[in-house]
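Beneath this line is the structure, given in structure tokens, with notes to follow.
The values are calculated or read from the model by the stated rules, or taken from the named source; none is laboratory data. This structure is a prediction, so every number in the text was calculated from the model and none was measured. In this analysis, Cβ positions are derived from the backbone assuming ideal geometry, glycine residues included, and neighbour counts consider all displayed protein chains. With ligands, DNA and RNA removed, areas are computed over all heavy atoms of the protein, side chains included. Shrake-Rupley method; radii C 1.70, N 1.55, O 1.52, S 1.80 Å.
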Amino acid sequence: MLPDTTPVTPDAHTLALRLRFFRIDPGVLARLAALRPFAERTMSDIIDRFYEHLLSQPETRDYLDDPALVERLKRKQAAYFLGMFRGEIDLAYVQGRMKVGAVHAKLAVATQWYVGACTHYLQLIHEHLHRERASDEERRASFEAIERIMHFDVSLAIDAYIARHHESRLRHQEAIRELSTPVIRVHDRVLLLPLVGTIDSARAQRVMESVLVRIGEEHARVLLLDIAGVTVVDTQVADYLLKTTSAVRLLGAKTILTGISPQVARTVVELGVDLTSLYTRNTLSDGLDLALSLLDKQIRTIDQERV
Amino acid sequence: MTPGAHASSTERLQIEAEADVVVVRRRARELAIAQGFDAFAVAAITTAASELSRNVWCHGGGGHALLETVSDAGRVGLRLRFIDEGPGIADLELALRGGCSTGRSLGLGLSGSRRLVDAFHIETSPGEGTTIEVLKWARFPH
Ligand SMILES: Nc1ncnc2c1ncn2[C@@H]1O[C@H](COP(=O)(O)OP(=O)(O)OP(=O)(O)O)[C@@H](O)[C@H]1O
Ligand SMILES: [Mg+2]
């Protein structure tokens with residue numbers, strides 16, 4: 001299992017550093033708090049027009065195909081919007097903002113749309129600020145404060161995106177690690193190929209080729225194909241097993257399939273794949289017994305030999 | 001959509017490379033285990049996820065999967081959707097009959113997946129893509 005998707009949130013110290021970097025000081029926060037009545041007044045228009053914009057763009061419209069969803073998001077957006085005018089940025093605020101980013105990342109909203117939408121949002125706020133009765137100086141200071149906190153929020157969202165991306169990289173790496181496979185000589189003329197994890201098409205090709213070469217080199221008569229470590233036997237794996245078996249047969253050797261779990265047996269039957277043309281044994285050791293008997297050898301216990 | 005079923009938040013995974021097929025089915029497996037699916041049901045939904053996401057990748061030219069857990073009248077399940085905007089399936093009846101592949105494989109992925117799940121719904125139109133929705137209930141609800 002991989003760690004949860006929630007990204008690492010900064011502590012109080014890094015939060016203070018980040019606020020300083022974004023030049024969000026107590027003055028800016030106080031200004032934002034003072035803008036709260038403005039925010040409450042203009043909020044519904046800004047949010048409506050924001051969603052109008054999102055719905056007019058094919059890239060963002062796809063995510064908003066359900067009117068009930070849009071309504072729900074608008075309500076969330078209102079809370080998000082007012083959050084900027086609380087006059088306070090604490091760790092809970094940071095967590096909330098990162099969660100917003102994480103949700104967008106999870107839905108695979110590309111960062112370009114996320115950042116682009118924020119820019120549009122800012123523009124809508126700007127328009128409204130322009131209509132306020134205030135001096136140019138005041139307006140500029142207000143806009144700057146809003147701009148800073150929005151950019152601060154976006155930076156948190158991007159952190160969440162990066163964390164999500166990192167996590168999906170880890171997942172891929174894990175998946176790739178599943179893909180390696182060695183051929184082992186277990187007995188004179190008997191080779192074992194323990195398949196583990198995932199068999200992707202490129203690797204299947206390579207593994208099959210190396211198995212065939214080894215069979216040729218060792219004059220092997222039997223190949224034990226153990227699939228106990230394979231998580232999923234789907235049609236691609238089944239196809240691979242069947243193709244390997246026929247290629248091995250062409251080299252004059254036999255394939256024994258071992259390590260089929262009850263779940264895999266059931267699934268393969270439901271899929272409609274016919275593996276009955278293969279020798280199969282439940283366990284690897286039963287498979288080895290069969291291999292030896294196919295080679296006309298038996299492992300006799302010393303006792304039996306003495307008899 | 002399954003009537004009456006309540007769904008959790010949806011997880012979206014891109015399917016653009018073969019490794020994504022592995023990621024999708026691993027995630028489906030994790031969710032199934034977390035939902036308390038028994039080993040047979042886990043194998044079934046994981047295999048169906050593998051088949052259908054591979055079809056998205058190799059026939060549909062890539063797309064995405066949506067994964068969500070659902071609950072309905074005390075039972076829990078997993079709903080998976082596979083969406084692509086590829087060529088669509090020209091002869092759906094033939095494709096669902098099984099044993100017919102436009103590639104060089106067995107051609108059993110689609111028909112087999114349908115047997116592995118509890119509900120199977122497919123929408124496809126030529127040139128516009130394919131959406132397949134499957135639902136699997138945990139066999140032994142707790
Ligand atoms: N998402 C899709 N988009 C377009 N065509 C598809 C899609 N999924 C399936 N098909 C078509 O349906 C046929 C049957 O699919 P199915 O998964 O059963 O077989 P396959 O993928 O060819 O082989 P395999 O047995 O390895 O899965 C495919 O050959 C393909 O032509
Ligand atoms: Mg297929």
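Of everything in region B:88-142 that's near ligand 1 (Cβ under 8 Å from one of its atoms) and polar (S, T, N, Q), which residue is farthest from the other protein chains (Cβ to nearest Cβ)? Within region B:88-142, the match that is farthest from the other protein chains (Cβ to nearest Cβ) is B:T124. I'd like to know if region B:103-123 contains one or more residues that are more than 12 Å from ligand 2 (Cβ to nearest atom), open to solvent by less than 60 Å² (accessible area, probe 1.4 Å) and under 23 Å from A:Y240 (Cβ atoms). Scanning region B:103-123 turns up at least one residue that is more than 12 Å from ligand 2 (Cβ to nearest atom), open to solvent by less than 60 Å² (accessible area, probe 1.4 Å) and under 23 Å from A:Y240 (Cβ atoms). Of the set (1) open to solvent by 20 Å² or more (accessible area, probe 1.4 Å); (2) over 14 Å from the mean Cα position of the chain (by Cα); (3) more than 10 Å from ligand 1 (Cβ to nearest atom), all apply to B:R81 but (2).
Got a number for residues in region A:172-211 being modelled with pLDDT of 75 or more and assigned to a helix (DSSP H, G or I)? Counting residues in region A:172-211 that are modelled with pLDDT of 75 or more and assigned to a helix (DSSP H, G or I) gives 8. The residues on offer are A:A202, A:A238, A:A228, and the sole one that is under 29 Å from B:H59 (Cα atoms), within 14 Å of another protein chain (Cβ to nearest Cβ), open to solvent by 50 Å² or more (accessible area, probe 1.4 Å) and hydrophobic (A, V, I, L, M, F, W, C) is A:A202.
For region B:124-135, the tally of residues that are under 25 Å from B:R75 (Cβ atoms) and either open to solvent by 40 Å² or more (accessible area, probe 1.4 Å) or in contact with a Gly (Cβ under 8 Å, 6 or more places away or on another chain) (or both) stands at 2. A:V196 fulfils the conditions (1) in contact with a strand residue (DSSP E or B) (Cβ under 6 Å, 6 or more places away or on another chain); (2) open to solvent by less than 30 Å² (accessible area, probe 1.4 Å); (3) under 20 Å from B:E18 (Cα atoms); (4) not basic (K, R) except for a single criterion, (2).
When A:A39, A:A12, A:A78 are checked against the criterion of being open to solvent by 60 Å² or more (accessible area, probe 1.4 Å), touching a helix residue (DSSP H, G or I) at 6+ places or on another chain (Cβ under 8 Å) and hydrophobic (A, V, I, L, M, F, W, C), A:A12 stands alone in meeting it.
Within region B:44-90, the residues that satisfy the criterion of being among the acidic types (D, E) and more than 15 Å from ligand 2 (Cβ to nearest atom) are B:E68, B:D72, B:E85.
In region B:24-75, how many are open to solvent by 40 Å² or more (accessible area, probe 1.4 Å), of a type in the set (G, A, S) and away from chain A (no Cβ under 12 Å)? Adding up the residues that qualify gives 4.
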